[in-house]
Amino acid sequence: MSGKKNEELSFEESMTRLEELVGIMEEGKLPLEDMIRQYEAAHKLANTCREKLSAMRKKIELLTKDDGGEGVWRDAAAEETHADGQDFFGFDAGGKN
């Protein structure tokens, strides 16, 4: 795989690389130190995949809660206040519901 960092890989690239690493480890032909290095790399890739899935899940949740308009993607972490004084999640922007 190229010299990209885990965060720069697409989800699909991350999964492909993770599957490659698991395959290498399952062969059982690596010295213990190499196996540990492969495991650490696989663990980091698995975390990256989990983070990417979590971010996409949040985007999907926000899109499905949309009012039926254009269906604009919104960052789940963004704090948005509407004209009615409520934030994106329907809470009063002043902290009260």
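Please arrange S54, S14 by counting, for each residue, the other beta carbons lying within 10 Å of its beta carbon, fewest first.
Details: S54 11, S14 24.
Listing S54, S14 from fewest to most nearby Cβ atoms yields S54, S14.
Identify the trypsin sites (Lys or Arg not before Pro) of the stretch 26-68 meeting these criteria: DSSP loop state and at most 16 other C-beta atoms within 10 Å of the C-beta.
Details: sites: K29, R37, K44, R50, K52, R57, K58, K59, K65; in loops: K29, K65.
Answer by residue number: K29, K65.
Treat each spin label as a single point 7 Å out from the Cα along the C-beta direction, and report the K58 to L30 distance in nm.
Going by the 7 Å Cα→Cβ label model, 3.1 nm.
Pairs to check: K44/K65; K5/K59; K4/K65. Give those whose C-alpha atoms are more than 30 Å from each other in this structure.
K44/K65; K4/K65
Would you work out if the stretch 6-64 is rounded, prolate or oblate? Take a ≥ b ≥ c from the square roots of the eigenvalues of the alpha-carbon gyration tensor; rounded if a/c is under 1.5, else prolate when a/b is larger than b/c, oblate otherwise.
prolate
With a Förster radius of 35 Å, plug the Cβ-Cβ distance of K65 and E8 into 1/(1 + (r/R0)^6) and report the FRET value to the nearest 0.05.
E(calc), rounded to 0.05, equals 0.70.
Rule-based calculations on the coordinates, nothing more; no lab input. The model shown is predicted, which means the values in this text are computed figures rather than measured ones. Using ideal geometry, Cβ is built from the backbone for each residue, glycine included, and neighbour counts are taken over all protein chains shown.
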